[in-house]
Amino acid sequence: MSQRNPAISKGVDWSLVWIWFILCSLGIMSIFAASYRDGDIVLQGFISLKTDYSRQLLFFILGGIAGIFILLTDSKFFTATANLGYAFGILLLLLVFPFHSRIKGTESIIKFGSAFNLQPADMCKIFVNLALAKYLSRVETNFTRPRSQIIAVVIALTPAMFSIMQSEMGLALVYFSFFLVMFREGLPSSVLIIGFSFAVLVVATLLVEPNTLALALTGVALLAIYILRKQIKRSKGVFMLVASIWFVCVGVQRFVVPFLFEHVFKPYQVQRIYALIGKDYVPKDQATEVALEDEQKNITRRNSNNNNYNVKQSKIAIGSGGLIGKGLLKGTQTRFDFVPEQRTDFIFCTIGEGFGFVGSMLFLGIYMLLLMRIVAVAERQRSVFSRCYAYGVASVLFFHIVINICMTIGLAPVIGIPLPFVSYGGTSLMTFSIMLFILVRLDADRQMVLR
């Protein structure tokens, strides 16, 4: 009886490989369904490398080849080169500034000819995950100390800072998913609570009139002082804590949020956030209005009275699929380009329209199975490095899946987050594939302690 080559198959979790294969295949099928036009020669389309689905197939094959090389690599290679890889990722991000091409409102892409684009902010997720796992697994790292926590945050968010400077807000937010890894390794839950509270305060600032919100925050502070009056009598530090929280909240509401929306976010990003909460964004000056019109000219041309055209068409496409869908190549909204970016950020519309609610739930079930399997793999690792890396993969995938799906059904602003393994894009597909295969390689040596 023949045996597999133990150098590549020993200890490999083949369920992860099969899920990767299924998701990539569904992605190519969805891109084909959104791109195919009556009269096209299917075989020629797949081998021509001139169609989106043929190029996605090429990157799928390249991802598989990269996966084979990764499975043949010693696991110690990833710990030994983690910091070097992080430095290389930062260098790529820096190279974007002098060599970038402005594509669809972002300045984060380096263009090589007409056929290949590289987005370092996307690829850098691999390097950040490895470097963060390397730092957290060091013997001398005591993650209960604030200094270690700050260093970990800097490792995770430095690429996010460069991404923001390159007008790539969506990918910048992805790096915050690494806080889940830190939380698993001992980051105090208070940090997550503070972060969630800040998000709620930002939304409240946009929804509520400034003076009314300030009075409401003051009322909450006075109520807290009344409830804690006994503790305040025993210790004035409690009063100072409540007063400090009130001061910070009012400062965020009055100064931080307006500064972010006027000087950090782009006009079209502010518009999308306002559209999400059901409010119209009115530019404060003519320059902002001109910039907004420039960024949104394609949408404005399609529907001058609707600044949320993408999301509305997306919801129409998904809703038209009904319970069991219209079938492959039979969707009208996606086949006839009513949904912008339907091959990339809005690829879920093709699945929703073609296969309906049942097909969409089965599709999301595959993602759920993938995430549950990765968490199970993470918990069986002996090495802290491997466990942290596995949780990093799960966190990044979870963030991408949730934000992308919520984006297509109008529950999150349109921030350009691709659907893992499914959305069209060579850099995205290769990044997720390499990230997953590194996890498979580390898991194959799960009895080994890596540092």
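Nothing in this text is a laboratory measurement; each read-out follows from the coordinates by a stated rule. Note that the structure is predicted; figures quoted are calculated from it, not measured. When we count neighbours, we look across all protein chains shown, and the Cβ atoms used for this are built from the backbone with ideal geometry, even at glycine.
When you filter the GluC sites (Glu not before Pro) in the range 110-192 for DSSP loop state and at most 11 other Cβ atoms inside 10 Å of their Cβ, you are left with Glu140. Full extension of the chain between Val220 and Ile61 yields a length gain of 51.5 nm, computed as 0.36 nm times the residue separation minus the alpha carbon distance. Among Val252, Val414, Val220, a tally of other beta-carbon atoms within 10 Å of each Cβ gives an order, fewest to most, of Val220, Val252, Val414.
Counting only the Cα atoms, the range 359-420 fills a convex hull of 76 Å³ per residue. When Lys111, Lys125 are sorted by how many other C-beta atoms sit within 10 angstrom of their C-beta, beginning with the fewest, the order is Lys111, Lys125.
Using 24 Å as the Cα-Cα cut-off, could you pick out the over-long pairs in Lys125/Lys312; Lys50/Lys111; Lys76/Lys125?
Lys125/Lys312
Among Tyr309, Tyr389, the ranking by other beta carbons within 10 Å of each residue's beta carbon, starting with the fewest, stands as Tyr309, Tyr389. Here the spin labels are modelled as points 7 Å beyond Cα on the Cα-Cβ line, and at Ser15 and Lys76 they lie 3.1 nm apart.
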